[in-house]
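Take a look at the structure below.
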Amino acid sequence: MVIESTAEPFVQKPQTLAALRDEIAAGRTKAADLASTYYERIAAINPQLNVYLSLTRDRALEQAQRIDAIAAKGDPLPILAGIPVGIKDVLVMRGASSTAGSKILEGYHPPYDATVVTRLEAAGAVLLGKLNCDEFAMGSSTENSAFGPVRNPHDLERVPGGSSGGSAAAVAANLAVATLGSDTGGSIRQPASFCGVVGVLPTYGRVSRYGLIAFASSLDRVGPFAANVRDAATMLGVIAGHDPRDATSSPAPLPDYAAQCDKPVEGLRIGIPAEYFGEGLDPEVRAAIELGIAALEAAGCKTRPVSLPHTRYAIPTYYLVATAEASANLARFDGVRYGYRSTASESLSAMYRHSRDEGFGAEVKRRILLGTYALSAGYYDAYYLKAQKVRRLLAGEFLRAFAEVDAIVTPTAPTPAFKLGEKTGDPLAMYLADIYTVTASLAGICGVTVPCGNTRAGLPIGMQVLARHFNESTAFRVARAVEASEAS
Ligand code: GLN
């Protein structure tokens with residue numbers, strides 16, 4: 001199939017969430033019509049982009065009609081009333097296909113909803129369907145999906161990033177007003193930056209993981225994508241908060257994120273870590289981020305250097321911790337309890353073996369092998385335990401830096417979106433796409449990526465704004481200041 005590499009008509013900015021909601025509340029737009037319009041656009045361009053893996057049309061239309069009935073009565077509407085939202089396929093929805101991008105989960109229809117799904121629907125959102133991603137969220141390009149890669153709406157020859165590539169591309173192409181993704185080492189921030197949208201890494205514990213198909217439980221986070229900072233903040237406000245069904249969920253009070261976005265940034269102290277501006281950083285990305293930093297200074301922020309020297313160990317540390325946890329989490333996929341079962345099974349153990357062999361893709365197998373190795377007797381101390389110690393040192397460095405600054409800004413990724421196939425033969429090159437994002441994952445802190453200029457070829461560049469635990473509001477404020485400046 002020959003696909004023309006043109007930005008049109010794939011890139012399209014959705015209306016803001018607040019504007020759409022007002023339209024619906026005033027009865028000028030029917031939620032059901034809006035959902036139908038989105039389904040038409042999906043039918044028209046999803047075949048080229050491969051963003052949605054499945055649609056939840058009946059459930060979406062039922063919810064839209066419920067919203068329209070409330071609007072017709074003139075009763076008050078919840079904050080996301082009628083807003084079309086897409087869900088990464090690692091989050092479960094009752095009765096809906098939930099594959100995590102893996103063949104091994106084909107045919108699995110979970111009997112329950114993820115907490116974030118319940119919360120979105122309670123807030124009035126209309127959930128359109130499930131979004132493509134790297135298998136079990138392992139990857140940086142969405143090329144590891146068992147159902148084919150997602151294409152970047154800005155250039156169909158390029159990847160949208162990963163693993164939440166479908167979630168990022170859906171917003172960039174206006175196939176949803178906002179979406180949810182998951183981020184273990186960068187899977188929300190990196191694709192958001194590649195697709196020119198806003199992505200949020202909430203603090204670990206801020207958003208419930210109940211109903212998230214686990215990759216690496218001590219790192220996994222659920223967070224939103226949106227076309228602008230305020231919409232992303234509104235989405236986070238809906239999905240965040242304590243959930244007794246997730247033992248790591250925090251009871252910390254929830255601020256009004258959307259209201260905090262527009263607070264002036266004057267006087268905020270911004271740290272710039274030299275470790276994120278060294279070798280391997282694309283010169284166009286560097287120039288764009290420097291312009292973004294200058295815009296923050298012009299808005300009254302005080303910038304200063306901070307040091308995060310353990311950054312150089314972050315990739316190996318992440319790939320030890322994440323693979324170790326993945327090897328344990330993925331043990332449950334045995335051909336018995338979920339999805340795919342091999343028919344070539346002369347005995348029980350052969351059935352386990354064949355189901356896993358045929359059901360998992362190459363990257364997932366690589367990670368299970370690496371993780372099992374790192375956890376095995378004799379290697380545990382040398383690899384896994386050492387990685388945990390480095391993780392602790394890295395987290396300590398961030399805490400020390402945050403004693404001096406309110407936020408840290410960096411490029412989100414070292415390069416703009418790369419070409420499909422460019423890194424598939426070299427796992428290490430693919431892992432390096434996360435060099436600036438895995439650190440915050442290991443430290444448990446929060447961050448936002450915001451569009452910050454384009455390359456000469458028109459590819460989006462993202463700035464990552466990191467803040468201390470449970471300080472999403474500060475990250476939103478800084479991101480909003482960049483968004484409001486010429487640098488965006
Ligand atoms: N790209 C990283 C990995 O492959 C991060 C993925 C993620 O955040 N889920 O592990």
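The values are calculated or read from the model by the stated rules, or taken from the named source; none is laboratory data. This is a predicted model, so every value here is computed, not measured. Positions of Cβ are backbone-derived with ideal geometry, glycine not excepted, and every protein chain shown enters the neighbour counts.
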* Which residue pairs have Cβ atoms closer than 6 Å, lie 6 or more positions apart in sequence or on different chains, and pair a first residue in the range 157-186 that is at positive phi with a second residue that is polar (S, T, N, Q) and assigned to a helix (DSSP H, G or I)? -> Gly161/Gln190
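Does Pro411 qualify as being away from the ligand (no atom under 14 Å from the Cβ), within 12 Å of Gln190 (Cβ to Cβ) and under 18 Å from the mean Cα position of the chain (by Cα)?
Values: away from the ligand (no atom under 14 Å from the Cβ): yes; within 12 Å of Gln190 (Cβ to Cβ): yes; under 18 Å from the mean Cα position of the chain (by Cα): yes.
So Pro411 passes the test.
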* Across the range 131-180, what is the total count of residues that are away from the ligand (no atom under 16 Å from the Cβ) and aromatic (Phe, Trp, Tyr)? -> 1
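Could you check how many residues of the range 37-55 are in contact (Cβ under 8 Å) with a residue 12 or more places away in the chain and closer than 20 Å to Gly82 by Cβ? Can you show your working first?
Residues of the range 37-55 that are in contact (Cβ under 8 Å) with a residue 12 or more places away in the chain, as a first pass: 38-39, 41-42, 45-46, 48-55.
Filter again for closer than 20 Å to Gly82 by Cβ, leaving 38-39, 41-42, 52, 55.
The qualifying residues number 6.
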* Asked: Do we find a residue being buried (at least 19 other Cβ atoms within 10 Å of the Cβ), away from the ligand (no atom under 16 Å from the Cβ) and within 21 Å of Gly278 (Cβ to Cβ) anywhere in the range 430-439?
  -> no
* Filtered residues of the range 338-375 (kept if in a loop (DSSP other than H, G, I, E, B), out of contact with any Phe, Trp or Tyr (no Cβ under 9 Å at 6 or more places or on another chain) and surrounded by fewer than 16 Cβ atoms within 10 Å (Cβ to Cβ)) -> Thr343, Ala344, Glu346, Ser347
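Check every one of the strands (runs of 3 or more DSSP E) wholly within the range 181-282 and list those with 2 or more residues that are within 16 Å of the ligand (Cβ to nearest atom).
Numbers: elements: 198-201, 221-226, 269-273.
Filter on the range 181-282 gives 198-201, 221-226.
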* **Gly339 being touching a Ser or Thr at 6+ places or on another chain (Cβ under 9 Å), at positive phi and not aromatic (Phe, Trp, Tyr)** => yes
* **Qualifying residue in the range 112-122 (condition: at pLDDT 95 or above, of a type outside the set (Phe, Trp, Tyr) and farther than 18 Å from Val222 by Cβ)** => no
* All but one of (1) within 16 Å of the ligand (Cβ to nearest atom); (2) within 22 Å of Ala227 (Cβ to Cβ); (3) part of a loop (DSSP other than H, G, I, E, B) hold for Glu422; which doesn't? -> (2)
* Structure fact -> Taking the range 376-414 and keeping only residues that are surrounded by fewer than 18 Cβ atoms within 10 Å (Cβ to Cβ) and of a type in the set (S, T, N, Q), one is left with Ser376, Gln388
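For residues that are surrounded by 24 or more Cβ atoms within 10 Å (Cβ to Cβ) and in a loop (DSSP other than H, G, I, E, B), tally how many sit in the range 125-170. Step through it out loud before you land on a result.
Taking the range 125-170 first, the residues surrounded by 24 or more Cβ atoms within 10 Å (Cβ to Cβ) are 125-142, 144-145, 150-154, 159-170.
Pick out the ones that are also in a loop (DSSP other than H, G, I, E, B) and you get 125, 132-134, 138-142, 144-145, 150-151, 153-154, 159-164.
Final tally of qualifying residues: 21.
Can you say whether Ile408 is in contact with a helix residue (DSSP H, G or I) (Cβ under 9 Å, 6 or more places away or on another chain) and either free of Cβ contacts under 8 Å to residues at least 12 places away in the same chain or part of a helix (DSSP H, G or I) (or both), as far as the supplied structure shows?
In short, no.
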* Subset of the range 444-488 (residues that are more than 17 Å from the chain's Cα centre (by Cα), of a type in the set (Gly, Ala, Ser) and not in a strand (DSSP E or B)) -> Ala457, Gly458, Ser473, Ala481, Ala484, Ser485, Ala487, Ser488
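Kindly establish whether Val321 is β-branched (Val, Ile, Thr), buried (at least 20 other Cβ atoms within 10 Å of the Cβ) and more than 16 Å from the ligand (Cβ to nearest atom). It would help to see each step written out before you state the result.
Numbers: β-branched (Val, Ile, Thr): yes; buried (at least 20 other Cβ atoms within 10 Å of the Cβ): yes; more than 16 Å from the ligand (Cβ to nearest atom): no.
No, not satisfied.
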* To do: Read through the list (1) of a type in the set (S, T, N, Q); (2) at pLDDT below 95; (3) within 16 Å of Thr179 (Cβ to Cβ), then give the number of the only condition that Gln12 fails.
  => (2)
* To do: Tell me which residues, restricted to the range 328-382, are within 16 Å of the ligand (Cβ to nearest atom), among the charged types (D, E, K, R) and in contact (Cβ under 8 Å) with a residue 12 or more places away in the chain.
  => Glu363, Arg366, Arg367
* State all residues of the range 95-109 that are more than 18 Å from Val222 (Cα to Cα) and either in contact with a Pro (Cβ under 6 Å, 6 or more places away or on another chain) or not hydroxyl-bearing (Ser, Thr, Tyr) (or both); if no residue qualifies, say none. => Gly95, Ala96, Lys103, Ile104, Leu105, Glu106, Gly107, His109
